1. Can you confirm whether segment 26-38 contains a residue that is in contact with a helix residue (DSSP H, G or I) (Cβ under 7 Å, 6 or more places away or on another chain) and β-branched (Val, Ile, Thr)?
2. Starting from residues that are open to solvent by 30 Å² or more (accessible area, probe 1.4 Å), within 30 Å of Lys301 (Cβ to Cβ) and not small (Gly, Ala, Ser), keep the ones in segment 42-81 and report whichever is modelled with the highest pLDDT.
3. Please go through segment 96-106 and pick out each residue that is more than 18 Å from Ile173 (Cα to Cα) and either assigned to a loop (DSSP other than H, G, I, E, B) or not aromatic (Phe, Trp, Tyr) (or both).
4. Is it fair to say Trp91 is at pLDDT below 90, under 30 Å from Ser281 (Cα atoms) and open to solvent by less than 90 Å² (accessible area, probe 1.4 Å)?
5. Could you tell me whether Phe99 is at pLDDT 90 or above, within 21 Å of Ile283 (Cα to Cα) and more than 19 Å from the chain's Cα centre (by Cα)?
6. Among the helices (runs of 4 or more DSSP H) confined wholly to segment 232-339, which include 1 or more residues that are at pLDDT 80 or above and either touching a Ser or Thr at 6+ places or on another chain (Cβ under 9 Å) or within 22 Å of Leu196 (Cβ to Cβ) (or both)?
7. Of the residues Tyr319, Tyr276, which single one is under 27 Å from the mean Cα position of the chain (by Cα) and within 22 Å of Arg170 (Cα to Cα)?
8. Return the pairs, sorted by first residue and then second, in which the second residue is of a type outside the set (Ser, Thr, Tyr) and not in a helix (DSSP H, G or I), the first residue lies in segment 165-186 and is within 21 Å of Tyr61 (Cα to Cα), the beta carbons are less than 8 Å apart, and the residues are 6+ apart or on different chains.
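The values are calculated or read from the model by the stated rules, or taken from the named source; none is laboratory data. Just so it is clear, the model here is predicted, and its values are computed rather than measured. Cβ sites come from the backbone with ideal geometry, for glycine too, and all protein chains shown count toward neighbours. Areas reflect the complete protein model, heavy atoms only, side chains present, ligands, DNA and RNA absent. Shrake-Rupley method; radii C 1.70, N 1.55, O 1.52, S 1.80 Å.
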Amino acid sequence: MPKPFTDRARRCFSVIGIALTAMMLFYIGAQYLAMIIMRLYLADYLSPQWMVWILSFVPLYLIGVPTFALIVRRIPVEFPPERKKMSVGAWFVTLIMCFGVMYIGAYIGNIVMALVNTATGNDAQNALSELLQRSSPLINFAVTVVVAPIVEEMIFRRAIINRTLPYGERTSIIFSALMFGLFHGNLYQFFYAFGLGMLLAFIYVRTGRVWYTIPLHMAINLVGGVIAPFLLGKVDLDKINSLAERMSAAAGNVTSSVLEGVTPSEVGWIMLLGLYSLFYSGISIAGVVLLIVKRKKFYLKPTGEREIPRSHIGSIVYYNVGVFAAIVGGLVLMVLSLR
């Protein structure tokens with residue numbers, strides 16, 4: 001391959017990696033600084049959950065993201081994806097497939113974390129899941145359904161893919177999805193974030209419209225980040241397990257003794273949680289089936305002479321200072337999340 005081409009491609013990916021690394025460093029640094037200031041001077045304000053969200057995400061969106069934008073602007077957008085329309089039916093089919101991807105990714109993530117916890121003797125939990133269950137649904141909705149999908153799609157689909165697509169659809173999709181997975185900073189989320197990032201990247205490459213991927217991202221986060229924590233917060237899991245054992249012992253004969261200690265309100269919430277579980281399982285299985293049935297639809301088009309050959313992808317895309325730093329940064333966050 002001509003050296004000017006490889007140098008230009010390597011610089012493109014390296015600058016993107018530097019931008020992502022700077023985003024992580026600046027927002028984590030600002031986060032720790034804010035925490036120190038709060039503990040020294042405003043310790044009484046640390047307890048509310050809304051303050052936890054502010055300290056967790058305001059530094060990211062007000063400091064980290066602008067830093068990323070300023071750096072990544074150094075790479076011009078030369079050949080963005082061709083803009084095409086997507087039918088409503090196709091959008092809903094894609095949404096169902098997103099649930100399938102999330103289901104598979106979450107299953108893999110849970111297995112990996114169980115193995116890691118067993119090997120290390122730790123009991124690392126999904127910190128984001130715990131935070132969502134402790135927070136109010138309104139805050140969860142504002143952060144996970146409104147702000148996060150818009151910002152993340154603008155970064156990991158629009159900004160990154162617009163600049164890397166000329167070097168090959170496969171390269172661009174996998175790279176953006178990998179960075180998206182690492183950005184989440186823990187093994188519980190990495191696998192489903194990577195899979196979802198692949199699917200959303202493919203949709204963006206085919207349509208050139210981030211306003212298709214943003215609602216997909218919002219819908220996924222609504223179900224998993226708002227509805228699920230809300231319902232789980234309304235029930236006592238220990239009480240559900242005890243009720244299930246009593247019902248099993250009674251062979252399905254529900255009497256007053258079986259329901260002892262469970263209020264009518266709790267029964268209602270338990271039923272709603274059961275309906276949610278059935279819905280999520282059903283739509284996830286349907287998504288997996290659709291992914292298998294429509295697998296041939298996920299074809300990749302050649303992008304011409306500028307496409308990076310597979311034999312050179314490692315040396316050009318990943319073996320550079322910027323991307324290496326971004327990968328190491330994401331892995332460090334994952335290791336820290338295990339404590």
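1. Within segment 26-38, not a single residue is in contact with a helix residue (DSSP H, G or I) (Cβ under 7 Å, 6 or more places away or on another chain) and β-branched (Val, Ile, Thr).
2. Ile71
3. Ile96, Gly100, Ile104, Ala106
4. Values: at pLDDT below 90: no; under 30 Å from Ser281 (Cα atoms): yes; open to solvent by less than 90 Å² (accessible area, probe 1.4 Å): yes.
No: the conditions fail for Trp91.
5. Against the criterion (at pLDDT 90 or above, within 21 Å of Ile283 (Cα to Cα) and more than 19 Å from the chain's Cα centre (by Cα)), Phe99 does not qualify.
6. Numbers: elements: 237-249, 264-293, 310-313, 321-337.
The qualifying helices (runs of 4 or more DSSP H) are 264-293, 310-313, 321-337.
7. So the residue among Tyr319, Tyr276 that is under 27 Å from the mean Cα position of the chain (by Cα) and within 22 Å of Arg170 (Cα to Cα) is Tyr319.
8. Pairs found: Asn186/Asn126.
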